[in-house]
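Below is one structure; the comments refer to it alone.
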Amino acid sequence: MKKAYMNIVSHEKIARNIYEMTLQGELVSLMNHPGQFVHIRVGDSLDPILRRPISIAKINKEEQTFTIVYRAEGKGTLLLSQKKIGDLVDVLGPLGNGFSINTVPTGEKALIVGGGIGVPPLLELSKQLNAVGIETIHVLGFQSKEDVFYEQQFLSLGDTYIATVDGSYGTEGFVTNVLNDNPFSFHTVFSCGPTVMLKVIEEKYSTNYPVFLSLEERMGCGIGACFACVCHRKDDPTGFTYRKVCTDGPVFPAGEVLI
Amino acid sequence: MKKAYMNIVSHEKIARNIYEMTLQGELVSLMNHPGQFVHIRVGDSLDPILRRPISIAKINKEEQTFTIVYRAEGKGTLLLSQKKIGDLVDVLGPLGNGFSINTVPTGEKALIVGGGIGVPPLLELSKQLNAVGIETIHVLGFQSKEDVFYEQQFLSLGDTYIATVDGSYGTEGFVTNVLNDNPFSFHTVFSCGPTVMLKVIEEKYSTNYPVFLSLEERMGCGIGACFACVCHRKDDPTGFTYRKVCTDGPVFPAGEVLI
Amino acid sequence: MNRLQIDLPGLSLKNPIMPASGCFGFGREYSRFYDLSKLGAIMIKATTEMPRFGNATPRVAETPAGMLNAIGLQNPGLQKVVEEELPFLQQYDVPIIANVAGSTIEDYVEVAKEISKVSNVHALELNISCPNVKEGGIAFGTQPEVAYAVTKAVKDVSEVPVYVKLSPNVTNIVEIAQAIERAGADGLTMINTLLGMRLDLKTAQPILANGTGGLSGPAIKPVAIRMVYEVSQNVNIPIIGMGGVQSAEDVLEFFYAGASAVAVGTANFVDPYICPTLIDDLPPLLDKLGIEHISECIGRSWKK
Amino acid sequence: MNRLQIDLPGLSLKNPIMPASGCFGFGREYSRFYDLSKLGAIMIKATTEMPRFGNATPRVAETPAGMLNAIGLQNPGLQKVVEEELPFLQQYDVPIIANVAGSTIEDYVEVAKEISKVSNVHALELNISCPNVKEGGIAFGTQPEVAYAVTKAVKDVSEVPVYVKLSPNVTNIVEIAQAIERAGADGLTMINTLLGMRLDLKTAQPILANGTGGLSGPAIKPVAIRMVYEVSQNVNIPIIGMGGVQSAEDVLEFFYAGASAVAVGTANFVDPYICPTLIDDLPPLLDKLGIEHISECIGRSWKK
Ligand SMILES: Cc1cc2nc3c(=O)[nH]c(=O)nc-3n(C[C@H](O)[C@H](O)[C@H](O)COP(=O)(O)OP(=O)(O)OC[C@H]3O[C@@H](n4cnc5c(N)ncnc54)[C@H](O)[C@@H]3O)c2cc1C
Ligand SMILES: Cc1cc2nc3c(=O)[nH]c(=O)nc-3n(C[C@H](O)[C@H](O)[C@H](O)COP(=O)(O)OP(=O)(O)OC[C@H]3O[C@@H](n4cnc5c(N)ncnc54)[C@H](O)[C@@H]3O)c2cc1C
Ligand SMILES: Cc1cc2nc3c(=O)[nH]c(=O)nc-3n(C[C@H](O)[C@H](O)[C@H](O)COP(=O)(O)O)c2cc1C
Ligand SMILES: Cc1cc2nc3c(=O)[nH]c(=O)nc-3n(C[C@H](O)[C@H](O)[C@H](O)COP(=O)(O)O)c2cc1C
Ligand code: FES
Ligand code: FES
């Protein structure tokens, strides 16, 4: 965990309002776990003032680069989208625990379910799983055809199913439509995406499979100091025990926290 | 008076912390009087929020360009100095009355006295005076050798004397040292620079010559609506009559306002 | 149907956007940029009985996402406003809200009585919240009893509905709003500026000649929204909201909080065209959000 | 001579920079970035008698040049703070200022009594200004008599000097500061956050689950400076200033206004290294301004 100015080596739009940015610098040597995130300052101005948490989508140790994929929607991400190759970006990271790939026994399969802007961290996860010989099945949900990204990259790692809400591409509906229609066999489930989706995944699989969910929460510090991002533990839903999404998470085993 | 995004066609450092920027756009067609200024937004962010008043230093109608010269010192001007050729700048102007070149009868001479960042508007003034056949004498004061700019441009228009406070270039001391040492003959005095300098000029010349002084005041709107930039009239120093620097000025005949 | 039309006591607003007092002079300057008839209304600069010069300069200073001002109610005085400024505005099809200030209750009464007779003045805005004058101003706006007294005295003489402008520099703004409502006010305008200060790094002295000044601009918007939200749920008179508005989204945020119209101050200095721009930006924004008429937004954050 | 050394009741500060309460947890996280012994002091997260979970999330929202928070005093409770957090901080050569909160005067007294016995706690900071809890908090900080009572009760039991943290959400902050001084407080810390709110454009609901939150960051600096300026001239106890500090220049502005030390809150989230950076930036800035010792800056805006 460090703070550094990193150099933009590539930056392009890869889907509707979706940008992929690759940054270079020594910080990459600290990045290991898929599902970890960085906390990014989009400019030097006081407006906006807070950093933006964005997941690490790819790590390339040799080239000392890592990649993020983000949706340019609000003030901060819109400003980020205006940055050019060669510009420096103030990055704090890597933060959070990330997915643990050791939970899947050799020879077993992993089911990877992503929704929208939750998809990016799953790419590095899938890569690392495949690198240790674990097969992956990918089910990815988007709003519409224009929003789909990384399909080819996932395809090169394993079977990949796309669902779009409006049916303009792949299966019509949600990732659950794909999951209900296909009798996949797997050992562990990994998921990242909108909270509603995570809830469904938890309900559907957590009794029979190990399930790991990556949560989102509005953050202040991103490093565990401000108590902005806490959630209740599932076994103490109204008590005062808690987990911090920024440091205890963003990845939790299903059943650990109340989502 | 209009608001427009104008294109930066050149931008360079011409002295210590002093930048010259040339902007292109239709707004230039409205610019006529030397001593007028523009109100510039240095960025789209809310920080800083206010515009910056900067004098017009050169007008080029043919190329639809105008030039400003500014000192990058505070938050806004430092941001402005980072802009690159091709960037757009939000310009409101031209504002203020400007110097009236008609006040000098044909065949007479004008004495032009500038201090530091008050020098730029005097260049366009001198050009316009010379264009109608009025000879100009220029006395320009700076802190030090590194701060001197536009000497050649003024030299090409008339006799030019430089004073530096530390004596590292030209006459040691203030513009008054030059003025006291040289028995210039002239009809009208034009001056722009620090308030202390303007006061001295007013005292020294206003009884015997027409004197025009360009004032500075912190501004809100720049267009006469907010009453931020008012000053007392000299003939009513504690009353409620007033002049607005942004619209009644920034140029005032000596004796009109209390400086 | 005009989906931006809002009707308030004394004011038939073709849209709910108006420049805030003190940030638009008496309209002359902005009339060179656009047709003032486009505006919902105009809140003119504070008017006092006698002309005032205001405070020494510097009168403005910049702060993060905001600015401080200490103009000190400079204005040409009641007579000149009535004889020169208001007649100029007659040529526009726009209701005027006259901002009334003074050092004593009698001052307020005097100005209110006369200015409310002018035909294009459709409402008064009692400025009992100016932080930049030694006497009167904010002193009237921080104690419920005093706010009650001045409101009542003005209501008695005014020929048009009376709105009272609240100061945010108080512990309990609801209490003051309710006192003003009890005194018979027809509406509230809020918020005036927060008292603030900046010191110069080199001299250590205040940048404003007056020492302190009023903080305005986006920096204060969260405070304004909170106050409109609190007050609107506790009074039955309409609120014209303000404080940091600079986009159509901000306008809706004030409506959601409980405002029925919005005034724009500091943003006029950033962009002289801001008011017409907001007016033009509102209908597409309503479309995007599926809102038919802007009045549906009033108090939406707390209405069931 | 250490030109940044400042001595205050209970506190020998090697420099006047300390993280503000609630923005630094109990130091563990930031200890991974730098050696906490560099700091002048540490104001730890508010501690209550019993553990608290705080408010529902979202607990933070962004605003122009600032942020809103409604954490709601989440903390592990007195016992855990005394047994686990404070011992962790023992390894650093840095005085701890313990931020004390509660719902009743008895709560404050209980926490103060116990926590003030811990050896590295050199002072208490009474948080009577938290805007984000239903009971206690700000209610204690907005009425002079109540502020007096809680201060006095705590002073009676505390083994270390007591600083009281003022709320800016008041009409007359000087009156409250003076009541607290009369009650025997050793110092003041100011300001806590301004009450604010943000509403979501689509849902019209507050972004914070708690509805309102506390506004912090550069946006509030002008208000903080004004209040430190007013209070410092009317009390004889030292002030630790805060509100939007993010540069060495800001530190001096607080000193000029009348503060004797400065706390840094929100800026820690922007840059985790901000406190050591400010400490390093101060000496060159003093050089540039020709100031020998930072204590010369205290109250320079108003001292003759
Ligand atoms: C651990 C984690 C990983 C994430 N990874 C990605 C990613 O890889 N790609 C991506 O596009 N998005 C990701 N997000 C969401 C991303 O942080 C928000 O979309 C982004 O902060 C919105 O900023 P803005 O400037 O567009 O919006 P604004 O509206 O300007 O944001 C205002 C404030 O709210 C916060 N905020 C708004 N939406 C969210 C949100 N959904 N989650 C957390 N904070 C929010 C912002 O950080 C900021 O503080 C992640 C969030 C978390 C918590
Ligand atoms: C009519 C007029 C013409 C000017 N022409 C020039 C010029 O040609 N070149 C040039 O370099 N400067 C000129 N100035 C001064 C210039 O406006 C200030 O130097 C500039 O605004 C400082 O901004 P900043 O971002 O560097 O400082 P900051 O400290 O960030 O400024 C903070 C605020 O104070 C205001 N301010 C600070 N200093 C001054 C000042 N001296 N006068 C007015 N407002 C100030 C800023 O506009 C801003 O609102 C002129 C000023 C006026 C009034
Ligand atoms: C330069 C300036 C002058 C002002 N003068 C007045 C005034 O005369 N009367 C008044 O009631 N409010 C006055 N105000 C306050 C504004 O009307 C408004 O309440 C405040 O600025 C908040 O809105 P904003 O953030 O959009 O500027 C003034 C504000 C500014 C910035
Ligand atoms: C996330 C957050 C949590 C806070 N928690 C506390 C707290 O527990 N106790 C307290 O006295 N102040 C608390 N504060 C207020 C700060 O200590 C400080 O007074 C305020 O934020 C102003 O300083 P700043 O602008 O530098 O942040 C908190 C502020 C923030 C932003
Ligand atoms: S974001 Fe601060 S504790 Fe998680
Ligand atoms: S700057 Fe607004 S009146 Fe001159």
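The values are calculated or read from the model by the stated rules, or taken from the named source; none is laboratory data. Predicted model, so just to flag it, every value in this text is computed and none were measured. Positions of Cβ are generated from backbone atoms using ideal geometry, with glycine treated the same way; all protein chains shown enter the neighbour counts. Just the protein is used for accessible areas: all its heavy atoms, side chains included, with ligands, DNA and RNA removed. Shrake-Rupley method; radii C 1.70, N 1.55, O 1.52, S 1.80 Å.
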Quick check on the range B:225-259: of everything there that is surrounded by fewer than 20 Cβ atoms within 10 Å (Cβ to Cβ) and within 16 Å of ligand 3 (Cβ to nearest atom), which residue is nearest to the other protein chains (Cβ to nearest Cβ)? B:240
Of the candidates C:99, C:55, C:75, the one satisfying the condition of being within 16 Å of ligand 6 (Cβ to nearest atom), of a type in the set (S, T, N, Q) and in contact (Cβ under 8 Å) with a residue 60 or more places away in the chain is C:55
Check whether at least one residue in the range B:30-41 is on the phi > 0 side of the Ramachandran plot, within 16 Å of ligand 6 (Cβ to nearest atom) and not assigned by the TED database to the domain that holds residue B:190, and report yes or no. yes
If you check residue A:32 against the conditions, is it under 18 Å from the mean Cα position of the chain (by Cα), under 26 Å from residue B:45 (Cα atoms) and open to solvent by 30 Å² or more (accessible area, probe 1.4 Å)? no
So which helices (runs of 4 or more DSSP H) stay within the range C:45-160 end to end and still have 1 or more residues that are more than 19 Å from the chain's Cα centre (by Cα) and not small (Gly, Ala, Ser)? C:86-89, C:105-115, C:144-157
Please tell me if residue D:22 is crowded, with 24+ Cβ neighbours inside 10 Å, within 14 Å of chain C (Cβ to nearest Cβ) and modelled with pLDDT of 95 or more. no
Report, by residue number, each residue of the range A:26-64 that is away from chain D (no Cβ under 14 Å) and within 16 Å of ligand 5 (Cβ to nearest atom). A:35, A:36, A:37, A:54, A:55
The correct count of residues that are in contact with an Asp or Glu (Cβ under 8 Å, 6 or more places away or on another chain), β-branched (Val, Ile, Thr) and open to solvent by 30 Å² or more (accessible area, probe 1.4 Å) in the range B:166-197 is 2
Can you tell me how many residues in the range B:132-154 are open to solvent by 40 Å² or more (accessible area, probe 1.4 Å), modelled with pLDDT of 95 or more and within 20 Å of residue B:59 (Cβ to Cβ)? 2
Members of the range C:64-113 that are open to solvent by 10 Å² or more (accessible area, probe 1.4 Å) and within 14 Å of chain D (Cβ to nearest Cβ): C:64, C:69
Please indicate, with yes or no, whether at least one residue in the range A:15-23 is closer than 29 Å to residue D:31 by Cβ, among the charged types (D, E, K, R) and either within 16 Å of ligand 4 (Cβ to nearest atom) or open to solvent by less than 50 Å² (accessible area, probe 1.4 Å) (or both). no
Criterion first (more than 30 Å from residue A:242 (Cα to Cα) and free of Cβ contacts under 8 Å to residues at least 12 places away in the same chain) does residue A:146 satisfy it? no
Please work out which residue is nearest to residue D:216 (Cα to Cα), limiting yourself to the range D:267-286 and to residues that are among the hydrophobic types (A, V, I, L, M, F, W, C) and within 14 Å of chain A (Cβ to nearest Cβ). D:267
Search result, residues across the range A:74-126 that are within 14 Å of chain D (Cβ to nearest Cβ), within 9 Å of ligand 1 (Cβ to nearest atom) and open to solvent by 10 Å² or more (accessible area, probe 1.4 Å): A:74, A:75, A:77, A:78, A:79, A:96
Considering every residue within the range B:198-218, establish whether at least one is within 16 Å of ligand 3 (Cβ to nearest atom), within 14 Å of chain C (Cβ to nearest Cβ) and open to solvent by 20 Å² or more (accessible area, probe 1.4 Å). yes
Can you give me the number of residues within the range A:1-33 that are of a type outside the set (A, V, I, L, M), in a loop (DSSP other than H, G, I, E, B) and either under 26 Å from residue A:100 (Cβ atoms) or at pLDDT below 95 (or both)? 3
Pick from the range C:171-218, criterion facing chain D (nearest Cβ under 7 Å) and under 17 Å from the mean Cα position of the chain (by Cα), ranking: surrounded by the fewest Cβ atoms within 10 Å (Cβ to Cβ): C:195
Can you report the number of residues in the range B:45-64 which are buried (at least 19 other Cβ atoms within 10 Å of the Cβ) and away from ligand 3 (no atom under 16 Å from the Cβ)? 8
